[in-house]
Amino acid sequence: MQEGEAVAEIYYMCKDSWGLKEKYLAKSYVFGLSVGKPYSCEDEEILQAQEKYKYDPDEDIFEYSFYRKKSSLAIEALSENPEENVIKIQHYGLPNMSGIPPQGRFSTVTVCYKSEDTGAALLEDTTEVKQKDLFCHRPPQVFYGKDGQIYYLDNTKEENVLQVNPRNSDIDESKGKAFCREQVTAWYRPVRKAGEEADVCVNYMDAATGKLLKTETLPNATVGNAYNYTPKKTFAANGKLYTFDRKNAGNNLTLKTVSGHPDIDWVDAYYTGKSLKKILKAPKVKKLSREGSRKASIQAGKVKGASGYQVLYAYNKKFKGAKKVSSASPKITLKKLKKGKPCYVKVRAYIKTDEGKAYGPYGKKKRLK
């Protein structure tokens, strides 16, 4: 936390309708508050956050309701110590008078928050989800870890699995509870301190439309230092070859100071795209001949701007189980062919980019006897 910043801890508590048994349900945090200032919890989303605890098969309560009068919703002056900034939101639970609900009505889904640095679980919890309903989990953007570190949700992480459909489940008949085999996983990055290595998010933008093409997280920045991004010259995406647009006013490639906050440390790089079909024409097969029983020679027409060529060949017209051979030259040799079997081939050109090869369209297929 920065100097002067305060964090409020929200506790969700419950008693049954007769007030006999109090139970801790969950805890969350409110960030971005100021030390010494008052805070009043009026966020309906926070107040109603007990919805995921509608059914608890391990206890006698299966539904909770928020009780405003019994809740402590205000703090007169926020402290630097989060443990002193406590708000208790009270709920009352309705006893389960009819016994265990019908089997399979709910599933238990595991929710796991993981650290991007170590892969370790920062938090593991379970939540009850209605069967056959798509469960969409909304993890907090900011997460306060047990180690005292503040973690931020990495929205660019492809491994984030925030939706599950709890249809596949095993039922524990003794508890009337269904266990979903799927897991909700959210990946978090810690805020770095001065002098520590940090990540910078690079947004690749389409200069013509202004739309985001992709996002990449790059390491090797240092908190407190400046950062200069050297853009890639070319890359391929969506059937186009994108070239860095140096004159675009939207280019923002420099950070004066790296903060260590992944949602703040980002740069924009604009690229101009052109269809690969127009850049690389489909090459023609000028000559195709056998060289012995298991070799063949292919002579393709040269394509302007091509870095090399790739041959696709198979023993059927639909190219099922096809193999590929690449060459920097338009003359390509195929080896280890099947004896006496006709072969079908087609050729395409490629161009090298900063992210690998980008391919143009295939030419017409040819039959090799």
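The values are calculated or read from the model by the stated rules, or taken from the named source; none is laboratory data. It should be emphasised that the depicted structure is a prediction, and the values quoted were computed from it without experimental measurement. Positions of Cβ are generated from backbone atoms using ideal geometry, with glycine treated the same way; all protein chains shown enter the neighbour counts. Remember, those area values only see protein heavy atoms, side chains included, never the ligands or the DNA or RNA. Shrake-Rupley method; radii C 1.70, N 1.55, O 1.52, S 1.80 Å.
Distance from the alpha carbon centroid of the range 215-242 to that of the range 324-369 works out to 32 angstrom. For the range 263-362, the spherically averaged projection of the C-alpha convex hull amounts to 8.9 nm². In whole percent, and with a 1.4 Å probe on the protein chains, what portion of the accessible area of the range 243-369 is carbon and sulfur? It is 49 percent, rounded to a whole number. Each Lys and Arg adds +1 at its Cβ and each Asp and Glu adds -1 at its Cβ; summed about the Cα centre, the range 252-334 shows a dipole of about 1140 debye. Counting only the Cα atoms, the range 306-369 fills a convex hull of 94 Å³ per residue. Taken per residue, the accessible surface of the range 236-300 reaches 60 Å², heavy atoms only and a 1.4 Å probe.
The Rg/Rh ratio for the range 177-295, using Cα coordinates for both the radius of gyration and the Kirkwood hydrodynamic radius, is 1.23. Of the cross-linked pairs 278/323; 232/320; 157/318, those separated by over 28 Å at the C-alpha level are 232/320; 157/318.
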